[in-house]
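Student: Sharing a structure, written as structure tokens. Questions coming.
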Amino acid sequence: MIFKDDDKILENVHKILYLLSVLLLLVVVPFYFVAVCKTPGHLKKKYDFMWLVDKMLSKGLHLDNLCVYDGVLKSETSFHC
Ligand SMILES: [Zn+2]
């Protein structure tokens, strides 16, 4: 008699976990595709590179944060070319 109740409880737990996993999958998959479509980690050119070099030189800033190969302003914490 005790085993029969345990089986019923386990069956309900299994159903609940199955539905929860399907629900979480339906929540995660759209966000995954949104993240992929936004091309994460890709730097976009916002400024003309020569204008940026002139501005940084005129203000006495280091040119270490410029990537010459890509012509972009890179962040200090990023790994670049
Ligand atoms: Zn680069």
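Since every read-out is calculated from the coordinates, none of them should be taken as a lab result. Everything numeric in this text was worked out from a predicted model, so none of it was measured. Quick reminder, even Gly has a Cβ in these numbers, built from the backbone with ideal geometry, and neighbours come from all protein chains shown.
Student: Expressed as an acute angle from 0 to 90° and rounded to the nearest 10, what is the orientation of the C-alpha long axis of helix 2-37 relative to the principal long axis of the chain?
Tutor: So the inclination is approximately 20 degrees.
Student: Which value at 222 nm does the chain reach when only helices count, each DSSP H run of 4 or more adding -39,500 (n - 2.57), with the total divided by all residues and rounded to the nearest 500 deg cm²/dmol?
Tutor: Details: 2 runs with 46 residues, N = 81.
Rounded to the nearest 500, it is -20000 deg cm²/dmol.
Student: While we're on this one: Expected output is a single nm value to one decimal: the length gained when fully extending between residue 4 and residue 42, i.e. 0.36 nm times separation in residues minus the C-alpha distance. What is it?
Tutor: Value of the extension gain: 8.0 nm.
Student: Another question about this same structure. Could you pull out the chymotrypsin sites (Phe, Trp or Tyr not before Pro) across segment 11-81 that fall in loop regions by DSSP (anything but H, G, I, E, B) with no more than 15 other Cβ atoms inside 10 Å?
Tutor: Hits after loop and neighbour filter: 47, 69, 79.
Student: Check cross-link reach from residue 15 to the lysines: straight Cα distance under 22 Å, and skip same-chain residues fewer than eight apart.
Tutor: 4
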